[in-house]
């Protein structure tokens, strides 16, 4: 396994990837190490809350994100996260810290000693693969290419919106996950519902609505020839798996590990 470290980043795993989906986090760490990336988990991180509160006066729920961002600012200023929900909350809170002085003043009433004004760069793990490792470099380390597999990228809503803040990819026609799929040797499948919400956040309140929304995604992907859907959100994966579809639903770190020949990867 590659041990030469090219980059070191502060790392925020989030709650789901530290508990029920821990194996997905394990794959992320092992893949990063193999690709020359050191992920240094933040000490004493707290749950980001999973949802960005829209009320301007809702400050307390954003404190865990601010604390994580401030800690990362002291250790290189770049914070990697693996979950699209965590990524969404951290990036939204960071944007508010950069643009809302009243917000920062209110933060001071809770955390008088906290010095932070948006210095940290929040980076999704997939962005790290593209922008720091490089897809061409990853391709050179693929030892079990996913040849013959037709895979649909499922972005969902949180990676892309609001586009002015997230700046993850083109909100209408993203390509980053498709480019990763090609890098790993598979064929990406483009389908109509890849950017639509799966309804996961309503799964406890309205299971029928969530089922309808998730089934629209699955049907659209299957109609376009996809054999697998690739997601970057544990809740999206859970919501899609609940529909008992024949579609294979995988987290992106699973097939990354498989293609890199890491034991325990999707079919490894």
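Throughout, read-outs are computed from the coordinates displayed, never taken from laboratory work. Treat the numbers as computed from the prediction; the structure is a model and nothing was measured. A quick note on method: Cβ atoms are made from the backbone with ideal geometry, for glycine too, and the neighbour counts reach across all protein chains shown.
With a 10 Å cut-off between alpha carbons and a GNM built on the chain, which of 14, 76, 148 moves the most?
Judging by the Gaussian network model, the answer is 148.
Counting each DSSP H run of 4 or more residues in the chain as -39500 (n - 2.57), what helix-only mean residue ellipticity at 222 nm follows after dividing by all residues, to the nearest 500 deg cm²/dmol? Show your work: numbers first, answer last.
On the way: 11 runs with 106 residues, N = 268.
Mean residue ellipticity at 222 nm (helix-derived): -11500 deg cm²/dmol.
Choose one answer from 238, 12, 110: the residue with the largest mean-square fluctuation in a GNM of the chain with alpha-carbon springs under 10 Å.
Residue with maximal mean-square fluctuation among 238, 12, 110: 110.
Would you mind computing, in nm to one decimal, how far apart the modelled labels at residue 18 and residue 209 are, each placed 7 Å from Cα along Cα→Cβ?
In this crude label model, residue 18 to residue 209 measures out at 3.1 nm.
Using packing as a proxy for protection, rank 113-124, 54-65 so that the peptide with the highest average count of other Cβ atoms within 10 Å comes first.
By packing density, highest mean first, the sequence is 113-124, 54-65.
For the stretch 93-177, just list the percent of Cα-Cα distances falling in each 5 Å bin from zero outward, please.
3, 11, 16, 16, 15, 13, 10, 7, 5, 3, 2, 0
Show me the three semi-axes of the equivalent ellipsoid for the stretch 141-259, from the C-alpha gyration tensor (sqrt of 5 times each eigenvalue), largest first, rounded to whole Å.
Details: eigenvalues 103, 58, 31 Å².
Taking √(5λ) for each Cα gyration eigenvalue gives 23, 17, 12 Å.
Taking only the alpha-carbon positions of the stretch 7-125 and ignoring solvent, what does the Debye formula give for the base-10 log of I(q)/I(0) at q = 0.09, 0.16, 0.19, 0.20 Å⁻¹?
Those come out to -0.23, -0.70, -0.96, -1.05, one per q.
Taking the highest mean first, how do the peptides 89-98, 154-163 order by number of other beta carbon atoms within 10 angstrom per residue?
89-98, 154-163
Kindly list the residues of the stretch 218-232 that lie in the label zone of residue 192, defined by a backbone N under 17 Å from the point 7 Å along the Cα-to-C-beta vector.
What the label zone holds, given the 17 Å backbone N cut-off, is 218-226.
What percent do you get for the relative contact order of the chain when only Cα pairs under 8 Å and 6+ apart count?
Dividing the mean separation by the residue count of the chain yields 18 percent.
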